[in-house]
Amino acid sequence: PQHAERLEDHVNNQIQTVQESHRLSYILDEADAFVKNIGKLHEQTTIRQLREIIKRCRDIGERLRRLEKVKATAESRRLLEAVEEIRNQANILLNEHRKRGDAIWESKIQSLDDVQSLAIESRLLEQIFAGEDIDVESFRLIGNVLENLKRHWIELLNNEAFSTPELESLIRDRKTETQALIDEEDELPWDIDELYRLLEESIMSERKRLANEWMRKNVEIINLGSNDPMQLQNQLRKIKNAPAFLSDTQRSKIKSVIESLNRKLDSLEVEGLLARFKSLPIEQQIRFLSEAQRLVKGSQKP
(Lines give C-alpha, C1' and ligand atoms only; values in the text may rest on other atoms or scores of the structure.)
Protein backbone atom coordinates (compact mmCIF):
# COMPACT_ATOMS: atom_id res chain seq x y z
CA PRO A 1 0.00 0.00 0.00
CA GLN A 2 2.78 2.43 0.85
CA HIS A 3 4.40 1.69 -2.49
CA ALA A 4 1.12 2.36 -4.25
CA GLU A 5 0.65 5.61 -2.36
CA ARG A 6 4.16 6.78 -3.25
CA LEU A 7 3.52 5.90 -6.89
CA GLU A 8 0.24 7.79 -6.86
CA ASP A 9 1.91 10.83 -5.27
CA HIS A 10 4.66 10.68 -7.88
CA VAL A 11 2.13 10.49 -10.68
CA ASN A 12 0.15 13.39 -9.23
CA ASN A 13 3.30 15.46 -8.87
CA GLN A 14 4.25 14.72 -12.47
CA ILE A 15 0.78 15.69 -13.63
CA GLN A 16 0.97 18.92 -11.65
CA THR A 17 4.43 19.60 -13.04
CA VAL A 18 3.20 19.07 -16.61
CA GLN A 19 0.12 21.20 -15.97
CA GLU A 20 2.20 23.92 -14.40
CA SER A 21 4.63 23.73 -17.30
CA HIS A 22 1.74 24.10 -19.76
CA ARG A 23 0.31 26.97 -17.73
CA LEU A 24 3.64 28.79 -17.63
CA SER A 25 4.19 28.14 -21.32
CA TYR A 26 0.71 29.51 -22.08
CA ILE A 27 1.42 32.71 -20.13
CA LEU A 28 4.66 33.23 -22.03
CA ASP A 29 3.03 32.48 -25.40
CA GLU A 30 0.14 34.83 -24.64
CA ALA A 31 2.50 37.63 -23.60
CA ASP A 32 4.72 37.08 -26.65
CA ALA A 33 1.73 37.14 -29.03
CA PHE A 34 0.42 40.32 -27.39
CA VAL A 35 3.77 42.13 -27.67
CA LYS A 36 4.21 41.12 -31.33
CA ASN A 37 0.63 42.07 -32.20
CA ILE A 38 0.79 45.54 -30.62
CA GLY A 39 4.19 46.48 -31.97
CA LYS A 40 4.66 50.27 -31.95
CA LEU A 41 1.57 52.27 -31.03
CA HIS A 42 0.30 54.63 -33.73
CA GLU A 43 -0.36 58.27 -32.84
CA GLN A 44 -3.97 57.91 -34.06
CA THR A 45 -4.73 54.94 -31.82
CA THR A 46 -8.11 55.73 -30.26
CA ILE A 47 -8.66 56.38 -26.57
CA ARG A 48 -10.91 53.32 -26.35
CA GLN A 49 -8.16 51.15 -27.88
CA LEU A 50 -5.53 52.62 -25.56
CA ARG A 51 -7.62 51.90 -22.49
CA GLU A 52 -8.08 48.29 -23.65
CA ILE A 53 -4.33 47.97 -24.28
CA ILE A 54 -3.53 49.35 -20.81
CA LYS A 55 -5.97 46.88 -19.22
CA ARG A 56 -4.43 43.97 -21.16
CA CYS A 57 -0.93 45.08 -20.16
CA ARG A 58 -1.96 45.16 -16.51
CA ASP A 59 -3.50 41.67 -16.67
CA ILE A 60 -0.63 40.09 -18.59
CA GLY A 61 1.94 41.87 -16.43
CA GLU A 62 0.37 40.48 -13.25
CA ARG A 63 0.49 36.94 -14.63
CA LEU A 64 4.12 37.36 -15.68
CA ARG A 65 5.07 38.64 -12.22
CA ARG A 66 3.40 35.62 -10.59
CA LEU A 67 5.22 33.36 -13.04
CA GLU A 68 8.56 34.94 -12.11
CA LYS A 69 7.97 34.09 -8.47
CA VAL A 70 7.55 30.47 -9.46
CA LYS A 71 10.07 30.17 -12.27
CA ALA A 72 11.90 33.30 -13.37
CA THR A 73 13.55 33.12 -16.81
CA ALA A 74 15.22 35.52 -19.23
CA GLU A 75 12.18 35.19 -21.50
CA SER A 76 9.68 36.08 -18.77
CA ARG A 77 11.79 39.09 -17.78
CA ARG A 78 12.05 40.25 -21.44
CA LEU A 79 8.31 39.92 -21.95
CA LEU A 80 7.48 41.69 -18.69
CA GLU A 81 9.71 44.62 -19.67
CA ALA A 82 8.13 44.71 -23.16
CA VAL A 83 4.59 44.69 -21.73
CA GLU A 84 5.48 47.45 -19.26
CA GLU A 85 6.96 49.51 -22.10
CA ILE A 86 3.77 49.15 -24.15
CA ARG A 87 1.72 50.16 -21.11
CA ASN A 88 3.96 53.20 -20.60
CA GLN A 89 3.64 54.20 -24.29
CA ALA A 90 -0.15 53.83 -24.13
CA ASN A 91 -0.36 56.07 -21.05
CA ILE A 92 1.85 58.70 -22.69
CA LEU A 93 -0.26 58.61 -25.86
CA LEU A 94 -3.46 58.83 -23.80
CA ASN A 95 -2.16 61.99 -22.15
CA GLU A 96 -1.11 63.42 -25.50
CA HIS A 97 -4.61 62.82 -26.87
CA ARG A 98 -6.11 64.70 -23.94
CA LYS A 99 -3.65 67.57 -24.49
CA ARG A 100 -4.60 67.70 -28.19
CA GLY A 101 -8.25 67.81 -27.18
CA ASP A 102 -7.56 70.65 -24.74
CA ALA A 103 -5.44 72.51 -27.32
CA ILE A 104 -8.27 72.81 -29.84
CA TRP A 105 -10.40 74.48 -27.16
CA GLU A 106 -7.62 76.98 -26.51
CA SER A 107 -6.75 77.56 -30.19
CA LYS A 108 -6.82 80.91 -31.99
CA ILE A 109 -7.92 81.45 -35.59
CA GLN A 110 -6.20 84.26 -37.49
CA SER A 111 -6.10 83.01 -41.09
CA LEU A 112 -7.50 80.52 -43.59
CA ASP A 113 -4.48 78.30 -42.91
CA ASP A 114 -5.53 78.10 -39.23
CA VAL A 115 -9.06 77.11 -40.27
CA GLN A 116 -7.81 74.38 -42.59
CA SER A 117 -5.35 72.85 -40.10
CA LEU A 118 -7.87 72.94 -37.23
CA ALA A 119 -10.56 71.38 -39.44
CA ILE A 120 -8.22 68.44 -40.09
CA GLU A 121 -7.29 68.18 -36.41
CA SER A 122 -10.93 68.20 -35.27
CA ARG A 123 -11.73 65.29 -37.61
CA LEU A 124 -8.74 63.33 -36.30
CA LEU A 125 -9.84 64.00 -32.73
CA GLU A 126 -13.35 62.89 -33.62
CA GLN A 127 -11.89 59.52 -34.60
CA ILE A 128 -9.51 59.36 -31.62
CA PHE A 129 -12.31 60.11 -29.12
CA ALA A 130 -14.79 57.72 -30.76
CA GLY A 131 -16.92 56.22 -28.00
CA GLU A 132 -16.32 59.16 -25.65
CA ASP A 133 -19.85 60.48 -26.10
CA ILE A 134 -19.49 64.09 -24.96
CA ASP A 135 -16.04 64.66 -26.45
CA VAL A 136 -16.71 63.08 -29.82
CA GLU A 137 -19.89 65.12 -30.33
CA SER A 138 -17.99 68.30 -29.50
CA PHE A 139 -15.23 67.54 -32.00
CA ARG A 140 -17.81 66.59 -34.65
CA LEU A 141 -19.57 69.95 -34.22
CA ILE A 142 -16.27 71.83 -34.29
CA GLY A 143 -15.32 69.99 -37.49
CA ASN A 144 -18.66 70.83 -39.13
CA VAL A 145 -18.34 74.52 -38.27
CA LEU A 146 -14.72 74.74 -39.44
CA GLU A 147 -15.42 72.95 -42.72
CA ASN A 148 -18.32 75.31 -43.39
CA LEU A 149 -16.11 78.29 -42.64
CA LYS A 150 -13.32 76.95 -44.85
CA ARG A 151 -15.72 76.33 -47.76
CA HIS A 152 -17.21 79.81 -47.48
CA TRP A 153 -13.79 81.45 -47.14
CA ILE A 154 -12.43 79.78 -50.29
CA GLU A 155 -15.67 80.31 -52.23
CA LEU A 156 -15.83 84.06 -51.54
CA LEU A 157 -12.09 84.70 -51.64
CA ASN A 158 -11.79 83.31 -55.18
CA ASN A 159 -14.93 84.91 -56.61
CA GLU A 160 -14.03 88.29 -58.09
CA ALA A 161 -17.38 88.81 -59.81
CA PHE A 162 -19.15 90.21 -56.74
CA SER A 163 -19.28 93.89 -55.92
CA THR A 164 -18.45 94.86 -52.34
CA PRO A 165 -22.13 95.21 -51.25
CA GLU A 166 -22.97 91.85 -52.86
CA LEU A 167 -20.03 90.22 -51.09
CA GLU A 168 -21.03 91.68 -47.72
CA SER A 169 -24.56 90.32 -48.17
CA LEU A 170 -23.22 86.86 -49.09
CA ILE A 171 -20.99 86.81 -46.01
CA ARG A 172 -24.01 87.52 -43.81
CA ASP A 173 -25.93 84.68 -45.50
CA ARG A 174 -23.03 82.24 -45.07
CA LYS A 175 -22.67 83.19 -41.39
CA THR A 176 -26.38 82.48 -40.83
CA GLU A 177 -25.92 79.10 -42.52
CA THR A 178 -23.11 78.18 -40.12
CA GLN A 179 -24.97 79.45 -37.07
CA ALA A 180 -27.81 77.08 -37.97
CA LEU A 181 -25.47 74.15 -37.18
CA ILE A 182 -25.32 75.15 -33.50
CA ASP A 183 -27.93 74.59 -30.80
CA GLU A 184 -28.31 76.90 -27.82
CA GLU A 185 -26.58 74.47 -25.46
CA ASP A 186 -23.64 73.85 -27.81
CA GLU A 187 -20.24 75.36 -27.04
CA LEU A 188 -17.45 76.25 -29.43
CA PRO A 189 -13.86 77.44 -28.88
CA TRP A 190 -14.61 80.57 -30.96
CA ASP A 191 -17.42 83.05 -31.56
CA ILE A 192 -19.12 82.65 -34.96
CA ASP A 193 -19.55 86.41 -35.42
CA GLU A 194 -15.85 86.89 -34.76
CA LEU A 195 -14.89 84.14 -37.22
CA TYR A 196 -16.92 85.67 -40.04
CA ARG A 197 -15.67 89.15 -39.20
CA LEU A 198 -12.15 87.76 -39.67
CA LEU A 199 -13.23 86.09 -42.92
CA GLU A 200 -14.62 89.40 -44.20
CA GLU A 201 -11.50 91.34 -43.21
CA SER A 202 -9.26 88.80 -44.92
CA ILE A 203 -11.28 88.76 -48.14
CA MET A 204 -11.59 92.56 -48.27
CA SER A 205 -7.85 92.87 -47.74
CA GLU A 206 -7.18 90.48 -50.63
CA ARG A 207 -9.66 92.34 -52.87
CA LYS A 208 -7.90 95.61 -52.03
CA ARG A 209 -4.56 94.06 -52.99
CA LEU A 210 -5.98 92.78 -56.29
CA ALA A 211 -7.64 96.13 -56.99
CA ASN A 212 -4.43 98.07 -56.40
CA GLU A 213 -2.54 95.64 -58.63
CA TRP A 214 -5.17 95.96 -61.39
CA MET A 215 -5.05 99.76 -61.22
CA ARG A 216 -1.26 99.71 -61.36
CA LYS A 217 -1.20 97.44 -64.44
CA ASN A 218 -4.12 98.99 -66.34
CA VAL A 219 -4.71 102.59 -65.27
CA GLU A 220 -1.53 104.05 -63.83
CA ILE A 221 0.43 103.14 -67.00
CA ILE A 222 -1.88 105.10 -69.31
CA ASN A 223 -0.08 107.90 -71.16
CA LEU A 224 -2.61 110.61 -72.01
CA GLY A 225 0.12 112.43 -73.90
CA SER A 226 0.29 109.69 -76.54
CA ASN A 227 -0.78 110.51 -80.10
CA ASP A 228 -1.17 106.85 -81.08
CA PRO A 229 -4.95 106.37 -81.46
CA MET A 230 -4.81 102.57 -81.43
CA GLN A 231 -2.82 102.57 -78.22
CA LEU A 232 -5.27 104.98 -76.63
CA GLN A 233 -8.25 102.92 -77.82
CA ASN A 234 -6.80 99.66 -76.47
CA GLN A 235 -6.24 101.31 -73.12
CA LEU A 236 -9.78 102.63 -73.16
CA ARG A 237 -11.17 99.16 -73.91
CA LYS A 238 -9.26 97.59 -71.03
CA ILE A 239 -10.36 100.01 -68.35
CA LYS A 240 -13.98 99.95 -69.51
CA ASN A 241 -13.98 96.27 -68.44
CA ALA A 242 -12.95 97.02 -64.87
CA PRO A 243 -13.46 94.17 -62.36
CA ALA A 244 -16.17 94.27 -59.70
CA PHE A 245 -13.74 94.35 -56.78
CA LEU A 246 -12.57 97.92 -57.40
CA SER A 247 -13.47 100.54 -54.82
CA ASP A 248 -15.75 103.52 -55.49
CA THR A 249 -12.72 105.81 -55.40
CA GLN A 250 -10.94 103.70 -58.01
CA ARG A 251 -14.04 103.61 -60.21
CA SER A 252 -14.28 107.39 -59.99
CA LYS A 253 -10.67 107.65 -61.12
CA ILE A 254 -11.33 105.28 -64.02
CA LYS A 255 -14.34 107.36 -65.08
CA SER A 256 -12.15 110.45 -65.15
CA VAL A 257 -9.45 108.66 -67.19
CA ILE A 258 -12.07 107.37 -69.68
CA GLU A 259 -13.31 110.92 -70.22
CA SER A 260 -9.73 112.09 -70.79
CA LEU A 261 -9.08 109.29 -73.28
CA ASN A 262 -12.24 110.10 -75.21
CA ARG A 263 -11.29 113.77 -75.39
CA LYS A 264 -7.83 112.79 -76.62
CA LEU A 265 -9.30 110.51 -79.31
CA ASP A 266 -11.71 113.26 -80.36
CA SER A 267 -8.79 115.63 -80.77
CA LEU A 268 -7.16 113.17 -83.16
CA GLU A 269 -10.28 113.39 -85.42
CA VAL A 270 -9.99 110.86 -88.28
CA GLU A 271 -7.29 108.77 -86.62
CA GLY A 272 -9.36 108.60 -83.44
CA LEU A 273 -12.50 107.54 -85.29
CA LEU A 274 -10.56 104.88 -87.18
CA ALA A 275 -9.07 103.56 -83.94
CA ARG A 276 -12.53 103.36 -82.37
CA PHE A 277 -13.81 101.51 -85.45
CA LYS A 278 -10.97 98.96 -85.38
CA SER A 279 -11.57 98.31 -81.69
CA LEU A 280 -15.18 97.25 -82.34
CA PRO A 281 -16.07 93.54 -82.54
CA ILE A 282 -16.02 92.27 -86.14
CA GLU A 283 -19.82 91.87 -86.20
CA GLN A 284 -20.30 95.53 -85.34
CA GLN A 285 -17.73 96.55 -87.95
CA ILE A 286 -19.66 94.62 -90.63
CA ARG A 287 -22.99 96.15 -89.60
CA PHE A 288 -21.45 99.64 -89.58
CA LEU A 289 -19.99 99.18 -93.09
CA SER A 290 -23.25 97.70 -94.43
CA GLU A 291 -25.23 100.63 -93.03
CA ALA A 292 -22.75 103.13 -94.49
CA GLN A 293 -22.95 101.41 -97.87
CA ARG A 294 -26.76 101.54 -97.78
CA LEU A 295 -26.72 105.24 -96.95
CA VAL A 296 -24.29 105.98 -99.78
CA LYS A 297 -26.45 104.12 -102.29
CA GLY A 298 -29.52 105.91 -101.05
CA SER A 299 -27.91 109.28 -101.51
CA GLN A 300 -26.96 108.41 -105.09
CA LYS A 301 -30.57 107.77 -106.26
CA PRO A 302 -32.05 110.48 -108.60
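If R0 is taken as 51 Å, the Cβ-Cβ distance between ARG77 and ASP133 corresponds to a FRET efficiency of 0.80.
For the pair GLN110 and ASP183, the difference between a 0.36 nm per residue extended length and the Cα-Cα distance amounts to 23.8 nm.
How would THR249, THR73 rank on accessible area, largest to smallest, probe 1.4 Å?
Order by accessible area, largest first: THR249, THR73.
Quick one: which of LYS150/LYS217; LYS208/LYS264; LYS55/LYS108; LYS36/LYS69; LYS150/LYS255; LYS150/LYS238 span more than 28 angstrom between C-alpha atoms? Checking Cα-Cα distances, LYS150/LYS217; LYS208/LYS264; LYS55/LYS108; LYS150/LYS255; LYS150/LYS238 exceed 28 Å.
For the range 28-67, the solvent-accessible area with a 1.4 angstrom probe is 60 square angstrom per residue.
Solvent-accessible area assigned to carbon and sulfur over the range 81-140 amounts to 47 percent, based on a 1.4 Å probe.
For the range 129-207, the Kirkwood hydrodynamic radius comes to 13.6 Å, computed from all pairs of different C-alpha atoms. Residues in the range 190-266 average 56 Å² of solvent-accessible surface per residue, probe 1.4 Å, ligands and nucleic acids excluded.
The values are calculated or read from the model by the stated rules, or taken from the named source; none is laboratory data. Please read all numbers here as calculations on a predicted model, not as lab measurements. Using ideal geometry, Cβ is built from the backbone for each residue, glycine included, and neighbour counts are taken over all protein chains shown. The area values use the complete protein model at the heavy-atom level, side chains included, leaving out ligands, DNA and RNA. Shrake-Rupley method; radii C 1.70, N 1.55, O 1.52, S 1.80 Å.
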